[in-house]
Amino acid sequence: MTSIPTPHANKLPESQHNSSDNYLNHSKGFMSWAFTVDHKRIGIMYGISICAFLLLGGIFALILRTMLALPIANIDNHANYDPAYLKHWMDIYNHMFTLHGAVMVFLFIIPGIPAVLGNFVLPLMLGAKDVAFPKLNLASFHIFVIGSLILAWVLLKGVLVAMFPGLSPYIGYGGLETGWTFYTPYSMDSNSAVVEATFGAFVLGFSSILTGVNFIASMHMLRPKGMNWFRMPLFLWALYGTAIIQLLATPVLAITLLLLIAERAFRVGIFDPNLDGDPILYQHFFWFYSHPAVYIMVLPAMGVISELVTAHSRKHIFGYSFIAYSSIAIALLGFFVWGHHMFTSGQSAMANAVFSLLTFSVSIPSAIKVFNWLSTMYRGEIHLRTPMLYVLSFILLFAIGGLTGLFLGALATDIHLHDTYFIVAHFHYVMMGSVLIAFLGGMYHWWPKMTGKMYSEKVGKIACAMVFVGFNLTFFIQFIAGSQGMPRRYASYVDDYMIYHHISTGGAFVLGTGLFLVLFNWIHSLLKGAPAPANPWGANTLEWQCSSPPPHDNFADTPVAGDPYDMTEWQYDESIKGYVKAND
Amino acid sequence: MINLLAQLGSRVWMPDNASNYGSEVDGLFYFIYWLCVLMFMMILGWMILFVVRYRKREGYQANKPAPHHSTALELTWSIIPTIVVMGIFYFGFKGFLDMATPPSQAYEIQVIAKKWSWQFVYPNGHVDNNLHVPVDTPIRLVMQSDDVIHSLFIPAFRIKKDAVPGRFTKTWFTATQPGDFNLFCAEYCGQQHSVMKSTVTVHPAGEFEGWLTDAANFLKKMSPAEAGAKIYNLRGCAQCHTSDGQASTGPTFKDLFGREEAMTDGSKLLADEDYIKESILEPGAHIVAGYQNVMPTYKGQLKDSEITALILYFKSISKHFDGTIPTEPLEKDDQAASEQENQSSETTTEGQQ
């Protein structure tokens with residue numbers, strides 16, 4: 001039952017048809033995974049850890065949304081509560097929103113797509129046996145584990161100190177309540193584990209940098225015969241753009257976080273006005289990394305969508321070169337817009353004008369991509385499978401996320417909307433509505449390749465619909481709340497905003513249920529899924545030309561690449577429920 | 001047309017406007033809003049059309065080969081959005097420049113933000129936790145922060161400006177509607193960020209001056225204990241000292257007067273008038289055991305009569321004090337006030353001896 005049918009018409013070397021040996025069963029035991037240099041196993045291990053962090057961050061999100069739906073969150077009711085209890089409750093909320101943000105940003109969205117899908121798919125798409133530096137790849141995974149353990153320690157300490165306050169003098173403050181942005185001077189005095197948390201983010205940065213180096217080297221060195229730069233799959237262009245940002249921006253974050261640690265531990269006087277430092281300088285440093293980091297998150301997501309939309313529309317991608325160049329344009333322009341996070345901070349009107357103008361320029365490449373994805377569907381043969389439903393969700397949610405950016409790029413309207421729920425909604429549409437959706441779509445798309453198993457389309461579609469509806473219920477209402485003036489990072493609110501919070505919390509639970517259904521579908525597929533053919537979608541990128549799951553060394557002979565989106569030669573074969581090359 | 005669209009949207013989006021910025025900000029908001037609706041509907045429409053027409057189904061075969069490149073189309077959907085967003089940039093910038101340039105004759109109010117309250121200092125020296133302004137008058141806010149970054153946000157006025165420690169920031173507005181409006185802190189500043197909230201009261205024409213004079217003279221109007229309670233709430237004492245016996249950042253003021261407190265250096269001190277005055281002016285001199293030396297000095301910020309009012313207020317909420325508390329206002333007229341000042345400074349001199 002577990003044997004994988006051989007794509008009989010596919011004239012690949014015999015070794016790749018050997019279903020008994022694949023990367024999953026090539027060797028056994030904990031050490032064969034923990035110290036593997038196989039990019040596929042590293043990708044799978046990243047996948048498991050990152051999904052665990054998604055679950056953790058999601059639990060924080062549900063806790064904070066639940067807190068906001070309780071009567072205590074309405075300021076009108078505060079008189080009914082003991083003031084000490086109320087303060088304690090606010091502290092808990094502040095920890096929750098910070099931890100939600102920090103876990104999601106540093107442990108899920110930034111590493112997410114490159115580390116999981118990128119690691120698994122990139123060498124396969126290049127027809128290569130591995131990334132350029134396999135041991136460096138393992139090192140970057142180990143660094144990721146160390147960084148995440150440090151952040152886990154921050155959480156554990158928070159729980160310990162909350163349960164046993166007597167421990168505090170021995171292990172210091174726990175948890176984190178500065179906001180994931182660690183703004184100074186608040187982070188100088190916060191009674192939480194700021195130093196450990198920033199050190200964890202610092203360590204994670206190295207994992208990100210090393211992955212970027214590895215990907216750039218792989219794309220330069222390992223492209224197979226026939227794959228010039230403009231025959232490279234668009235996912236790889238997106239990863240290339242991402243890697244540029246990882247390389248150039250992450251060191252700035254590392255420096256900033258080190259300075260912050262030095263400031264907090266040794267009071268050196270860089271950011272703290274009490275020591276003649278400048279808190280606005282911190283914001284410049286921080287956003288110099290963290291705005292490009294938005295594109296570290298969203299560029300790979302765009303790359304995934306480019307692959308999915310063409311594969312499931314069974315049509316050549318529309319405007320290949322415009323999509324490819326727009327990835328690089330976004331990567332470069334993204335470096336010059338950080339000041340739009342600081343329009344109300346007191347930076348000069350001239351700086352505001354320049355940053356506003358540049359911000360609008362970065363919207364154009366994103367718009368180009370959306371139009372090209374839509375045009376790819378034109379006269380295609382659209383298979384509404386689960387990954388394609390995620391593509392449609394992505395285009396709609398990304399359109400809303402991108403269009404609402406126009407309100408925020410424009411100075412006059414941003415002054416009103418800045419630091420309100422409008423911003424919260426906007427970046428959740430971009431971070432979650434786009435990146436998480438693309439991650440899920442990509443996971444479904446490459447799931448047969450990764451696991452050798454098919455998933456349930458029916459459950460997949462229901463879960464996708466729940467995620468889409470739940471997401472919009474949760475976050476669209478927040479645009480309205482924000483435009484009405486509801487500030488973000490508020491543990492409580494005036495009565496006018498209660499209805500928005502109640503609706504949003506309801507949506508969060510629909511969304512959470514949808515995501516659990518996704519997890520259920522994946523686990524069910526692992527246990528009971530039908531065996532996957534080598535090419536279930538008929539895509540022409542090289543990863544579909546090895547068996548599912550791929551053998552230990554991917555390809556016995558390096559394949560020759562053609563146009564990655566010319567799918568005309570792949571014909572559906574009912575007997576294997578997959579596509580085979582017709583002319584073979 | 002724009003107005004009609006704005007009215008359609010205004011049931012859902014943006015709060016009622018009460019300042020000079022409303023027409024410009026809301027106009028731009030609704031322009032972008034309807035542009036977004038149009039663009040979104042276009043994307044949604046194409047998507048539905050393509051999915052319906054080209055989805056894989058019985059008897060449908062894609063008409064191959066379909067085009068996969070068109071420079072003309074690419075240029076169209078690059079250039080048109082560029083022109084549109086440059087237009088949005090221009091109007092956004094123009095509106096912002098108006099916000100950044102206050103008229104020269106604006107009425108100036110100093111704003112001091114601290115965890116977790118606002119203080120508005122008027123030209124006559126009056127300090128208030130709520131912002132009071134006259135209608136139809138340009139108001140200039142000069143803002144500073146005592147601790148971390150805060151941000152003054154008045155949704156009904158469409159303004160927001162950070163208060164940054166170590167520098168001054170400025171903003172201005174003209175309120176156009178009398179009434180009370182919410183004022184929030186928009187930059188996360190710790191535990192009680194969400195209740196760092198006050199009210200903007202816009203006074204109808206001619207009523208602001210009267211309010212300001214009355215408000216500034218509360219020592220002449222209220223009994224000393226009431227005035228002390230007002231100062232306790234107004235000047236930030238209440239942020240760290242409760243009046244109900246709960247411990248907080250600092251010791252509670254309930255039953256403080258006449259209580260014997262253990263100090264960090266092991267000595268014991270009786271909380272009398274001198275000790276309280278010293279703690280207000282030189283908070284670091286004697287720290288009660290179990291508390292940190294974090295209180296800023298109020299030297300130069302509170303008048304002697306205000307400190308006297310505070311002491312009388314503490315007496316009024318202490319079980320250790322069984323004397324009588326005067327009910328006549330501390331400041332009756334200018335003469336009475338100066339006598340009072342003399343009296344209290346005599347007490348201080350005695351204490352120091």
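Quick look at the numbers
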read-out: Sequence-separation-based contact order of region A:138-190, relative, with Cα cut under 8 Å and 6+ spacing, percent; value: 29
read-out: Cα-Cα over 30 Å, subset of B:Lys170/B:Lys277; A:Lys87/B:Lys315; A:Lys40/A:Lys225; B:Lys197/B:Lys220; A:Lys528/A:Lys581; A:Lys369/B:Lys170; value: B:Lys170/B:Lys277; A:Lys369/B:Lys170
read-out: Partner chain coverage, peptide B:43-54 - average Cβ within 10 angstrom; value: 5
read-out: Percentage relative contact order, chain A, counting C-alpha pairs under 8 Å, at least six apart; value: 19
read-out: Paramagnetic reach from A:Lys577 (point 7 Å along Cα→Cβ, amide N under 20 Å) across region A:518-545; value: A:518-539, A:544-545
read-out: Expected-Rg normalisation [2.2 N^0.38 Å, Cα atoms] applied to chain A; value: 0.97
read-out: Within-15-Å neighbourhood charge of B:Val164 [Cβ basis; K, R +1; D, E -1]; value: -2
read-out: Choice from B:Ile311, B:Ile83, B:Ile159 showing the highest fluctuation, given a GNM over chain B with Cα pairs closer than 10 Å; value: B:Ile83
read-out: Cα-projected label distance for B:Arg55 with B:Ile80, points at 7 Å along beta-carbon direction, nm; value: 2.7
read-out: Other protein chain Cβ atoms within 10 Å, averaged over every residue that makes up B:92-102; value: 5
read-out: Whether region B:147-251 is rounded, prolate or oblate, judged on the alpha carbon gyration tensor where a/c under 1.5 counts as rounded; value: oblate
read-out: Contact order normalised by residue count of region B:91-231, Cα under 8 Å, 6+ apart, percent; value: 25
read-out: Region B:159-225: trypsin sites (Lys or Arg not before Pro) in DSSP coil with no more than 15 other Cβ atoms inside 10 Å; value: B:Arg167
read-out: Where GluC sites (Glu not before Pro) fall in DSSP loop in region B:38-120, at most 11 other Cβ within 10 Å; value: B:Glu58
read-out: Relative packing of peptides A:556-568, A:429-441 - highest average C-beta neighbours within 10 Å first; value: A:429-441, A:556-568
read-out: R0 of 22 Å, Cβ-Cβ distance B:Val294-A:His78: FRET efficiency to nearest 0.05; value: 0.35
read-out: Summed residue charge, Cβ within 10 Å of A:Trp446's Cβ, Lys/Arg positive, Asp/Glu negative; value: -1
read-out: Residue mean of other protein chain beta carbons inside 10 Å, A:390-399; value: 2
read-out: Estimated FRET transfer efficiency when R0 is 60 angstrom, pair B:Leu44-B:Gln105 (beta carbons, to 0.05); value: 0.75
read-out: DSSP bridge orientation in chain B - percent antiparallel, rounded to nearest 5; value: 75
read-out: Region A:81-141-region B:182-200 distance, computed between alpha-carbon centres (Å); value: 31
read-out: Modelled FRET efficiency - R0 60 Å, A:Ala349 with A:Asp557, Cβ distances, 0.05 increments; value: 0.45
read-out: Overall form of region B:170-309 per C-alpha gyration tensor (a/c, 1.5; a/b vs b/c); value: prolate
read-out: Cut-off of 10 Å, at most 15 other beta carbons, DSSP loop: longest stretch of chain A lacking such trypsin sites (Lys or Arg not before Pro); value: A:268-576
read-out: Among B:Ser198, B:Ser316, B:Ser267: highest mean-square fluctuation, GNM of chain B, C-alpha pairs under 10 Å; value: B:Ser267
read-out: Global form of region B:18-74, assessed from the alpha-carbon gyration tensor, a/c cut-off 1.5; value: oblate
read-out: Pairwise centroid distance, computed over Cα atoms, of region A:194-208 with region B:95-139, Å; value: 41
read-out: Rounded to 5, percent antiparallel among DSSP beta bridges of region B:107-216; value: 70
read-out: Under 11 Å from the A:Asp21 label point (7 Å along Cα→beta-carbon), backbone N, region A:525-564; value: A:551-554, A:556
read-out: Rounded Å value of the spacing that divides the Cα centres of region A:303-323 and region A:386-413; value: 19
read-out: Considering only the protein assembly as shown, percent of DSSP beta bridges that pair antiparallel, nearest 5; value: 75
read-out: Cut-off 12 Å between beta-carbons: net charge of the residues surrounding A:Ala532, Lys and Arg +1, Asp and Glu -1; value: +3
read-out: Label zone at A:His88, where the point sits 7 Å out along the Cα-to-Cβ direction: region B:232-271 residues whose backbone N lies under 15 Å; value: B:246-248
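Coordinate-derived values only; no laboratory data. Everything numeric in this text was worked out from a predicted model, so none of it was measured. Positions of Cβ are backbone-derived with ideal geometry, glycine not excepted, and every protein chain shown enters the neighbour counts.
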